[in-house]
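Visitor: Below: one structure in structure tokens.
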Amino acid sequence: MGAYVLRRLSYGIGVVFGVLFLLFILFFTVTKPDDIARRALGEKAPPEVIEQWKINHGYDRPLWPWQDWDDNLLFDHYERMLTFDFGLSDADDSPITERIASGVGPSLSLTVPLLVLGILVAIPLSLLVAFFRETYIDRMGVFLCVLAMSVSMLLYIIGAQFLIGKVLRWYPISGFDSNLLMLPRFLALPLIVGVLSGVGGDVRFYRTVFLEESSRDFVRTARAKGASEARIMTRHVLRNAMIPILTNVVLAIPFLFTGALLLEAFFGIPGLGSITVDAIAANDFSTLRTMVFIGSLLFILGQIATDLSYGLVDPRVRFE
Amino acid sequence: MRARSEAEGAGGRVGLLSLVIVCFVMSAFPSGCSNNPYPPTREGEKVLYSSFVDAPRTLDPARAYNTRAHAITGAVYDTLLKYHFLKRPLELIPGLAVSLPEKTELPDGRVRYRFELRRDLLFADDACFGLDRPGQRTREVVAADIAFQLARIADAEVGSPVIEPFSNIDGFQEFSRALTARREADPGFAARPVHEQYAELGGIPGVRTPSSHVLDVILHRPYPQIRYWFAMEFSTPVPWEAVEYYDGRGGRPRFDDHPVGTGPYVLSEYSKRSRYVLERSKNWYGVRHPEWKAPAATYPSEGEEEDRLAGRLDYAGRTLPFIDRVEVRREKESIPRFNKFLQGYYDASGIIKESFDKVVQEDALSPEMKARGIALEKAVSPDVFYIGFNFDDPVVGRAGGERSRKLRQAMSRVIDVEEFTRVFNNGRGVPAQSPIPPGIYGYDPDYENPARRVDLERAKQLMVEAGYPGGIDPETGEALRLTFDSADTSSAGLTKVQFYVSAWKRLGIDVRVEATNYNQFLEKLRNGAHQVFESGWVADYPDPENFLFLLWSQMGKSKFGGPNATNFSNARFDELFVSMKTRENGPRRMAEIREMLRILEHERPWIELFHREEYSLYHGWVRNVKPMGISMPTYQYRDLDPVLRAQRRREWNEPIVWPAWVLLGAAVLVVLPGIRTYLKERQ
């Protein structure tokens, strides 16, 4: 297993290098250091202040190693990321580690309940439609799932803000408050939207898994032994469908830390997702590369963790 | 029987699971259904609720130079001079200074402004004052604190964007250069606290403190506009202790994020990504010394007739401030922000484009808005937007002589700004007749620029006189081709530019649009590689000099790197500008301005477009609202009625719960028959 983990990690390092290179190329193809400085300092900033800003932030150096092998932005970019020296934000000079630390709490307060609620809603619902397979409940369930999947997230957000926040006045339209008494009030609407927008795909996926498991020999045997349908679904089908469910859930865990981009941006939640959105809008390369780097690291670690977790739920799985 | 019981068991488990989910969801929301984003405990307090889109980059008063930052720095930092809240055009009044500065013309041609600081002014309470006196929370403001801040502006490492106007101070640039050179030569010096570095160099020669409460600012040439810079936070007193203490180390914030000032409010909470809170400062001189009746700490008793009619003079003579706390929350999206305003959760708002027709009808508030007690305030921004011609260009510039002049005049006569603002800006915007916007000395509401009167026939005639009949360039035999440079690459921006292009097409001119990003656009202007372009200018201070200098030859972009992107150069205009610049307001200054405008009518370096018009909405419980035009918060003048606000919020936000029961009922109705059918089948 150790060799397997090492091999996967080495692949992962290659992927991270590639991601960082791609980000660097894409960013500096459309943005010049002058654009970053101008964005940070404003339109009225005189040229000498722009130049001083570039010197202070290291953007006075050439981009590529062939322009200056010893001192260039590309090598600096790799050095900083690989040593976890994230530095200061280009937008406001605040330490990026502090920004990330301040965003983790709000992000997790949204994404963890979202994941748990999503599972709690999707699995029972998919068990229900699989339980009532070939009935109108199943057909209606599938229809609603396809409908839910077809609607854009933005429409859910705007629709929920209008209907639930403005017309029905159940919850605040947007905002965030870390006060524990106020927090649920602000999270209600993004959670409803998050669950609604994700439940269609999840139910369809889990339903397929459950139906596939329902047609297996061990289910037929259980039925022949007189086990009830409910017992079959919950004890036999659900347990044997754990690998795909686990894959889905474990893969989602890294993204809990990177936040929910759209939900955070539109509901005004100051989490890590909105840090990324803000960094893109502000030409803040330092913050953007940090978020991309952390995101790619978490994704790779999540993939490895998923593979390893198969062994926990299915002893037949061997790592070679 | 067994099958039935198992099926019932299954149904029961499903039901149990549903119940668990419902309980989970319900327990997650102990505060119950309410769209109120604020804790109920604050209902009766005088808290002003507002919003911001993005936090400012810095709150350092030497560097903060935008409206977002001024919303905080303007409340936290006080200045020697202030603007009268009600009088228009804006008028300077004493702030921290006892009176307006005393001006003395020195024999060597230099000019001295003497400010006398009020006694017993205190900084807001802060831990930084314990730096050299443990336990101390504040100290008295002295003239040296202003001298320190002016030295910070000169310090290249601070990166202040306003070095240029302060360079009129005697020895300002020399001090700046000496500081940089000494730091490079002596690392030991560079490592010392900045206030010690400034002191060792003797400070700026033109900034003197003859006594602890007197500040002399000596200019090496006349520049009366310097007074306006002393009404801006750039020149606020800054304690050296704050700059040294808030260095971002040891868990302390940076000075950029932790202002320590002398203003009516203190920044008690600052989270750039969610909210900030301003609370009334107990150390502000208006609070500590109401008996002074200081002009900037007392509600004005003079104003305009419209102020009397609007009840803005009802508070005359009362001590400021009226509001205890300002809570500003981050709202990035405009639609939720506007909806929260309509729900009563924000006290003021702009009008979003999507709802403009619902809110404003026939240039007044809609009946629906009036019924909610909402008031509309309109204010023309002290800015100007224009289309410029590069005078270094052979086709549209000075080299073409009369021919180019006629071409510019023709192009000027076909741009219909009223139509433009109607199409693109809901009619918001005052057509500009000259560079000077309303509210600035020199603006004449009756003045109509003949070159801006839309007249297609006259424009066509001018094209003939210019040698381009029907827009045909005789050299090529084809339509005259010009290039329009734009710094807006968005589709909305390009649609706007297309409006101008279509107008010029009616003259037969073929205008090609080159849209680039802002830096590339600036690069083109710097290199003179532009022909026709669009730009704008927002006032730093309310003086015509701050607009007419945009056409002064010494501000030419190509030669001097200044903001005159047209590179317009006219000897008479320059002569008048230099004279007008240093003259006090009065008939002679007005006459000079009029002559300058006549030159512009004829020469047409610009096609003046519009001055922006801001529409703001306020709830009926908010009092004393009068936009200042320039970037300056007026929280200390505002008042509100929290009881009325709480009442309205309750009326407007009663939750509608019946759809929840309908949804629940529908869910039961859908699932129940299925369960029944299944159970029957199992039996």
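Only the coordinates and a few stated rules stand behind these numbers; no lab work does. What you see is a predicted model, and the numbers here were worked out from it, not measured in a lab. In this analysis, Cβ positions are derived from the backbone assuming ideal geometry, glycine residues included, and neighbour counts consider all displayed protein chains.
Visitor: With θ set to phi - 60° and the Karplus curve 6.51 cos²θ - 1.76 cosθ + 1.60, what are the ³J(HN,Hα) couplings of segment B:345-356 in order, to the nearest whole Hz, using x for Gly and Pro?
Guide: Each residue's phi maps through the Karplus curve to give 8, 10, 7, 9, 7, x, 10, 7, 4, 5, 10, 4 Hz.
Visitor: Quick check: the angle from helix B:642-652's long axis to the longest principal axis of chain B, C-alpha only, nearest 10 degrees?
Guide: Long axis of B:642-652 versus the principal axis of chain B: about 60 degrees.
Visitor: Ranked by Cβ crowding within 10 angstrom, fewest neighbours first, how are A:Ser89, B:Ser176 ordered? Mind dumping the intermediate values first?
Guide: Working: A:Ser89 26, B:Ser176 19.
Neighbour counts put them in this order, fewest first: B:Ser176, A:Ser89.
Visitor: For B:Glu457 and B:Glu575, what does the FRET efficiency come to when R0 = 45 Å and r is the distance between their Cβ atoms, rounded to the nearest 0.05?
Guide: Details: r = 36 Å, r/R0 = 0.79.
Taking R0 as 45 Å, the efficiency between B:Glu457 and B:Glu575 is 0.80.
Visitor: When a footprinting reagent is the concern and you count Cβ atoms within 10 Å, what order do A:Ile245, A:Ile275, A:Ile119 take, fewest first?
Guide: On the way: A:Ile245 20, A:Ile275 28, A:Ile119 17.
Sorted ascending by nearby Cβ count, the order is A:Ile119, A:Ile245, A:Ile275.
Visitor: Now, a different point. If one computes the Cα centroid of segment B:401-432 and of segment A:40-116, what distance in Å separates the two points?
Guide: So the two Cα centres are separated by 43 Å.
Visitor: A follow-up question, please. Amide H to amide H under 5 Å from B:Lys332: which residues, 5+ apart in sequence or cross-chain, H placed 1.01 Å off N in plane?
Guide: none
Visitor: Please give the FRET efficiency for A:Ile158 paired with B:Asp108, using the beta carbon to beta carbon distance and R0 = 60 Å, rounded to the nearest 0.05.
Guide: Values: r = 67 Å, r/R0 = 1.12.
Using R0 = 60 Å, I get an efficiency of 0.35.
Visitor: Extending each Cα 7 Å along its Cβ direction at B:Glu302 and A:Thr135, get the distance between those two points in nm, one decimal.
Guide: It works out to 8.5 nm between the two label points.
Visitor: Per residue of segment A:23-28, in order, report the coupling 6.51 cos²θ - 1.76 cosθ + 1.60 (Karplus, θ = phi - 60°) as ³J(HN,Hα) in whole Hz, putting x for Gly and Pro.
Guide: 4, 4, 5, 4, 5, 7
Visitor: Sticking with this one: How charged is the neighbourhood of B:Ala154? Take every other residue with its Cβ under 14 Å from the Cβ of B:Ala154, and add Lys/Arg as +1 and Asp/Glu as -1. Write down the numbers at each step before the final one.
Guide: On the way: positive: B:Arg63, B:Arg152, B:Arg177, B:Arg182, B:Arg183; negative: A:Glu48, B:Asp155, B:Glu157, B:Glu164, B:Asp170, B:Glu174.
Once all neighbours under 14 Å are counted, the net charge is -1.
Visitor: Moving on. For a footprinting-style exposure proxy, rank A:Thr208, B:Thr319, A:Thr29 by other Cβ within 10 Å, fewest first. Numbers along the way, then the final one.
Guide: Working: A:Thr208 14, B:Thr319 17, A:Thr29 8.
Ordered from fewest to most neighbouring Cβ atoms within 10 Å, A:Thr208, B:Thr319, A:Thr29 come out as A:Thr29, A:Thr208, B:Thr319.
Visitor: Spelling out what I want: for every residue of segment B:272-280, take phi, set θ = phi - 60°, compute 6.51 cos²θ - 1.76 cosθ + 1.60 (Karplus), and round to whole Hz; glycine and proline get x.
Guide: 4, 9, 9, 6, 9, 10, 10, 10, 3
Visitor: Between B:Trp661 and B:Ser99, what is the label-to-label distance in nm when each label sits 7 Å out along the Cα-to-Cβ direction?
Guide: The modelled label-to-label distance comes out at 7.4 nm.
Visitor: Moving on. Per 10 Å bin from zero, what fraction in whole % of the C-alpha pairs of segment A:107-313 is there, up to the bin with the longest pair?
Guide: 8, 27, 31, 22, 9, 2, 0
Visitor: Pull up all non-local amide H partners of B:Val625: gap of 5 or more, or a different chain, and H-to-H distance under 5 Å with H placed in the peptide plane.
Guide: So B:Val625 has HN proximity to no qualifying residue.
Visitor: Can you check what the net charge comes to around A:Asp68, using other residues whose Cβ is under 12 Å from the Cβ of A:Asp68 (Lys, Arg +1; Asp, Glu -1)?
Guide: On the way: positive: A:Arg61; negative: A:Asp60, A:Asp70, A:Asp71, A:Asp76.
Value of the local net charge: -3.
Visitor: Further, regarding this structure: Among the aspartates and glutamates, which fall within straight-line cross-link reach of B:Lys496, defined as a Cα-Cα distance under 15 Å, with same-chain neighbours fewer than 8 residues apart omitted?
Guide: B:Asp416, B:Glu418, B:Glu419, B:Asp485, B:Asp488, B:Glu514, B:Glu534
Visitor: Now for a different question. What are the trypsin sites (Lys or Arg not before Pro) within segment B:434-486 that DSSP puts in a loop, where the Cβ has at most 15 other Cβ atoms within 10 Å?
Guide: Details: sites: B:Arg452, B:Arg453, B:Arg458, B:Lys460, B:Arg481; in loops: B:Arg453.
Here the trypsin sites (Lys or Arg not before Pro) that fit, given the DSSP loop and packing criteria, are B:Arg453.
Visitor: Report the extension gain between B:Arg583 and B:Glu354 in nm, rounded to one decimal, defined as 0.36 nm multiplied by the number of residues separating them, less their alpha carbon distance.
Guide: 77.8 nm
Visitor: Quick check: the distance between the Cα centres of segment A:283-306 and segment B:166-237, to the nearest angstrom?
Guide: 46 Å
Visitor: Let me ask something else about it. Segment B:316-397: which chymotrypsin sites (Phe, Trp or Tyr not before Pro) are DSSP loop and have at most 15 other beta-carbon atoms within 10 angstrom?
Guide: Values: sites: B:Phe322, B:Phe338, B:Phe341, B:Tyr345, B:Tyr346, B:Phe356, B:Phe385, B:Tyr386, B:Phe389, B:Phe391; in loops: B:Phe322, B:Tyr345, B:Tyr346, B:Phe391.
Of the chymotrypsin sites (Phe, Trp or Tyr not before Pro), not one in the loops of segment B:316-397 has a Cβ with at most 15 other Cβ atoms within 10 Å.
Visitor: Pairing the Cα long axis of helix B:658-682 with the longest principal axis of chain B, what angle in degrees results, from 0 to 90 and rounded to the nearest 10?
Guide: Roughly 40 degrees between the two axes.
Visitor: Answer with one residue from B:Pro224, B:Tyr77, B:Ser553: the one whose Cα lies farthest towards the positive end of the charge dipole of chain B, charges on Cβ with Lys, Arg +1 and Asp, Glu -1.
Guide: In chain B, that residue is B:Tyr77.
Visitor: Tell me, what is the FRET efficiency for A:Ala305 and B:Glu291 to the nearest 0.05, using R0 = 56 angstrom and their Cβ-Cβ distance as r?
Guide: In this case the efficiency is close to 0.20.
Visitor: Can you give me the relative contact order of chain A as a percent, contacts being Cα pairs under 8 Å and 6 or more apart?
Guide: Working: 346 pairs, mean separation 80.9, N = 320.
Value for chain A: 25 percent.
Visitor: Just from its helices, what would the mean residue ellipticity at 222 nm be for chain A, if runs of 4 or more DSSP H residues each count -39500 (n - 2.57) and the sum is divided by every residue, rounded to the nearest 500 deg cm²/dmol? Kindly include the intermediate steps, with their values, before the conclusion.
Guide: Numbers: 13 runs with 221 residues, N = 320.
Taken over chain A, the calculation gives -23000 deg cm²/dmol.
Visitor: Once amide H atoms are placed 1.01 Å from N in the peptide plane, what residues at a sequence separation of 5 or more from B:Phe610, or on another chain, have their amide H within under 5 Å of its amide H?
Guide: Long-range HN contacts for B:Phe610: B:Phe385, B:Ala432.
Visitor: Here's another thing I want to ask about it. Once you compute Rg and the Kirkwood Rh from C-alpha atoms, what is the Rg to Rh ratio for the protein assembly as shown? Intermediate values should be presented prior to the final figure.
Guide: Numbers: Rg = 33.4 Å, Rh = 32.7 Å.
With Rh from the inverse mean 1/r over Cα pairs, Rg/Rh is 1.02.
Visitor: With each run of n ≥ 4 DSSP H residues scored as -39500 (n - 2.57), what mean residue ellipticity at 222 nm is computed for chain B after dividing by its residue count and rounding to the nearest 500 deg cm²/dmol? Intermediate results must be reported in sequence, preceding the final value.
Guide: Working: 25 runs with 244 residues, N = 683.
Helix contribution divided over all residues of chain B: -10500 deg cm²/dmol.
Visitor: Got the relative contact order for segment B:110-264 handy, in percent, Cα pairs under 8 Å and 6 or more residues apart?
Guide: Working: 225 pairs, mean separation 52.4, N = 155.
It comes to 34 percent, rounded to a whole number.
Visitor: Using a cut-off of 16 Å between alpha-carbon atoms, which lysines can reach B:Lys460, once sequence neighbours fewer than 8 places away in the same chain are excluded?
Guide: Answer for B:Lys460, where 16 Å is the Cα cut-off: B:Lys406, B:Lys505, listed by chain and number.
Visitor: Rounded to the nearest Å, what's the spacing between the alpha carbon centres of segment A:189-205 and segment B:243-308? Just the number, please.
Guide: Value for the Cα centre distance between the two parts: 46 Å.
Visitor: Would you kindly calculate the translational diffusion coefficient of chain B, applying Stokes-Einstein with the Kirkwood radius from alpha carbon pairs, for 20 °C and a viscosity of 1.002 mPa s, and quote it in µm² s⁻¹ without decimals?
Guide: On the way: Rh = 29.0 Å.
Taking Rh from Cα pairs, D becomes 74 µm²/s.
Visitor: Quick check: net charge around B:Ala231, other residues with Cβ under 12 Å of its Cβ, Lys/Arg +1 and Asp/Glu -1? Don't jump to the answer; show the numbers that get you there.
Guide: Values: positive: B:Lys82, B:Arg227; negative: B:Asp78, B:Glu91, B:Glu233, B:Asp540, B:Asp543.
Net charge around B:Ala231: -3.
Visitor: Let me ask something additional. Along Cα→Cβ, 7 Å out, is where each label goes; now give me the distance between the ones at B:Tyr447 and B:Leu672 in nm to one decimal.
Guide: Result: 7.8 nm between the two label points.
Visitor: Considering Cα pairs under 8 angstrom that are at least six residues apart, work out the relative contact order of segment B:383-611 and quote it in whole percent.
Guide: Working: 398 pairs, mean separation 72.8, N = 229.
Taking the mean separation of contacting Cα pairs over the length of segment B:383-611, I get 32 percent.
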